1. Taking R0 as 30 Å, what FRET efficiency do you get between LEU111 and ASP56 from their Cβ-Cβ distance, rounded to the nearest 0.05?
2. Can you report the principal axis dimensions of segment 2-77 using only the alpha carbons, biggest first, rounded to whole angstrom?
3. Using a probe radius of 1.4 Å on heavy atoms only, what accessible surface per residue do you get for the chain? Whole Å² is fine.
4. Using the C-alpha gyration tensor of segment 33-180, what are the square roots of 5 times its eigenvalues, in whole angstrom, with the largest one first?
5. Let me check the size of segment 97-179 from its C-alpha atoms; what are the radius of gyration and Dmax in Å?
Amino acid sequence: MGSRRAGADVVRLSRRLSHVLRHAPDSAGLTLDDAGWVGVDDLLAALQLTRSQLDDVVGRNDKRRFAFDDSGTRIRASQGHSVPVALGYGPAVPPDDLFHGTVERFLAAILAEGLRPGSRHAVHLSPNAETARRVGARRGRPVVLRVDAAAMVQDGATFTRSANGVWLVDAVPPHRLSRA
Ligand code: HQG
C-alpha cells in the first residue's frame, strides 16, 4: 500500500513537473533558459521538494521525460514543450518508418493536411507501432499511422531525436502517411 501511494505521488509530481518545465514555468515563478533548462535548486525551492524526491521522480519516470545536465545542477523536459525553447538536438537520420498514434476523429484532418505540431514545437513520432498505439490510446481507441521517414529525408526534411527517444519533425505531409 505504501508503494502504491508513493507511485501515485510520483505520477502527480511528474505531471506537475511536465506542466512547469514544458508549458508554464511562470506558474511556479520560474524562467527557463533558451534551451529549456532551469536550475535544480531553483526548481526545488519553487516546488518545495527535496533533491531526493526530485531524483526519485526523474529516475522512476516511465518515459524518462526529464533530464539533468552533465553537472547535475540543471534540469529540463526532454521534449513536449509549448513554450519557446531550442533543445539543441542535432539532426539525426531516422529509421525508414516511424509511427504516430492518434484517434479516429482526427484522421480526416490528418489525411487532408498532414500531421501538424498543434501547440507543441514539433510533431512527435514513435520508433515503433506499439509506442504509437499507447500515445494514441491517451485519447481513445488508438489509430496508428506509418510515416515514410526515409522518403521525407529524401524530400529534405530534418528529423531530430530527443534524449528520451522521441522523433521530432516540423510536420508530416499527407502523402507520406499511411495506416499502419
Ligand atoms: C493530432 C506525450 C487534426 C495528433 C505522448 C494528436 C507523445 C491533428 C494531437 C507526446 C493534426 C496533438 C506528443 C491535424 C496532428 N489535424 N489533428 N492536422 N495533426 N493531430 O499531445 O503526438 O506523456 O500535442 O494526432 O506520449 O499526441 O506528454 O501530440 O492526437 O510522446 O510525455 O493532434 O506527448 O508524451 O496532441 O503526443 P499532442 P501527441 P508525454
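1. That pair, LEU111 with ASP56, gives E of 0.10.
2. 38, 26, 21
3. Per residue, the chain has an accessible area of 55 Å².
4. Calculated on Cα positions only, the semi-axes equal 31, 17, 13 Å.
5. 11.6, 33
The values are calculated or read from the model by the stated rules, or taken from the named source; none is laboratory data. A quick note: this is a predicted structure, and the numbers were derived from the prediction, not measured. Neighbour counts run over all protein chains shown; Cβ positions are idealised from the backbone, glycine included. What goes into the accessible areas is simple: the full protein's heavy atoms, side chains included, and nothing from ligands, DNA or RNA. Shrake-Rupley method; radii C 1.70, N 1.55, O 1.52, S 1.80 Å.
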